[in-house]
Amino acid sequence: MYSDQKTMPQLVGKVILLFCRLYLGGWMCVSGTSYWLAATGHAPIFPQPFGTLHASNELLVTMVHTHFFHIVKICEIVGGIFLITGCFVPLGLLMLLPVSFVVWYNAIVLNHRFDKVLTPYMGVGCLYMNLVLMVWYIKYYFPMMTFKPTIGRIGDWKKFPDIFRQDIA
């Protein structure tokens, strides 16, 4: 067997991770797009749920009234596009982590659905997929975990175009 050939478990693992990345990215894009369709007077893809219990409803309605939901939905679309295209995936996962956590917290804690913690629906699944994918992209987060970082310089911006020319193997 050649060293560049994948074993069956490795191949299955890659397929599962690819599915999770595309499914999470697609779900986030659809969720963000549906909100913006409704906000611009068009029919949404699906109606925005506003929680079944008071605390959940209060959180979501407040986010809409303060226009914070605009930021959340933009993050969903941009992060989703990153995951679907395979470009800037670690950044997309990092952007979507707070969104995924709030979706999970709302679904489980605020709606008192503790029995649904392991249920396979996107109210909880988005956080789990996000975390699993972040573990598999961990090597891209290690550079951010410098114990005593030094401040960069203005000239470091010149390195920005290099991000489009390289990839960590």
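The values are calculated or read from the model by the stated rules, or taken from the named source; none is laboratory data. Being a predicted model, the structure only gives us computed values, none of them experimental. For neighbour counting, all protein chains shown are included, and Cβ atoms are generated from backbone atoms with ideal geometry for every residue, glycine included.
Filtered by the rule that a residue be acidic (Asp, Glu) and modelled with pLDDT of 85 or more, the stretch 143-169 gives a lone residue, 156. Out of all the residues in the stretch 16-24, is one or more within 24 Å of residue 111 (Cα to Cα), outside any loop (DSSP other than H, G, I, E, B) and at pLDDT 95 or above? Yes, the stretch 16-24 has at least one match. Checking each residue of the stretch 35-51 against the condition of being touching a residue at least 40 places away in the same chain (Cβ under 8 Å) and over 18 Å from residue 106 (Cβ atoms) gives at least one match.
For the stretch 37-76, what are the residues that are among the acidic types (Asp, Glu) and out of contact with any Cys (no Cβ under 8 Å at 6 or more places or on another chain)? Passing the criteria: only 58.
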